[in-house]
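Remarks on the structure that follows.
Bear in mind these aren't lab numbers, they're just calculated from the coordinates by the rules spelled out. Just so it is clear, the model here is predicted, and its values are computed rather than measured. Glycine gets a Cβ as well: all are built from the backbone with ideal geometry, and neighbour counts include every protein chain shown.
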Amino acid sequence: MKQYVVRCAWCVGLAALLAACERSSAGGVPVSVRYPDHVAAGGNQPPAIEVKNPIASDSTIVADGGKIFSAMNCDGCHGGGATGWVGPSLVDGRWRYGGTDGALFESIFYGRPRGMPAYGGVMSPGAIWKVIAYIHAQPIPSVVPTQVWPSTETAPPPPRKQRP
Ligand code: HEC
């Protein structure tokens, strides 16, 4: 039964990805996740897909996601409970690359440039969705050990080049 559930979750993840590819390949536009919090020039968001976690989250899925989080050594960098270590906290409600299902999937599947490995080659989409369910189920701790990512409004302007 457990085997079936795991396989089934994997299929659901794959089906969602395939469906996403099918819809977005129309007109030669490459598959892309929609980032609703990005500013769009002219107010027009580019063609992209609102990716949602295809796995309905319940306590079993969240517990499975927690086990995968440890098994894949996510906690080795993001700390126990994902509260932050050498990698940023994933449970403080603040995101550098976005906290939507689609943005999280992209972070985990493709990796991110400042030290986040791409897991898409070693984790099934179903396993990634379970980890995302786990991350979203964590409460925001009262003490947040990692730094706030500078937001675009408060970040200091980039240093100007000195003129000779
Ligand atoms: C080798 C250390 C390391 C491991 C292992 C690791 N991460 Fe990361 N992760 C990072 C670092 C460092 C960043 C910040 C990357 C950046 O800012 O470009 C990051 C960023 C992220 C982000 C984006 C955070 C944001 O603010 O947008 C997510 C989501 C994430 N990791 C999830 C995971 C998951 C899930 C796993 C396990 C499957 C994992 N990470 C394993 C180091 C790691």
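Taking 7 Å along the Cα-to-C-beta vector as the label spot, tell me the R94-I49 distance in nanometres, rounded to one decimal.
In this crude spin-label approximation the distance works out to 3.2 nm.
Just grab the label-to-label distance for K67 and F109, each label 7 Å out from Cα along the Cβ direction, in nm (one decimal).
Result: 2.5 nm between the two label points.
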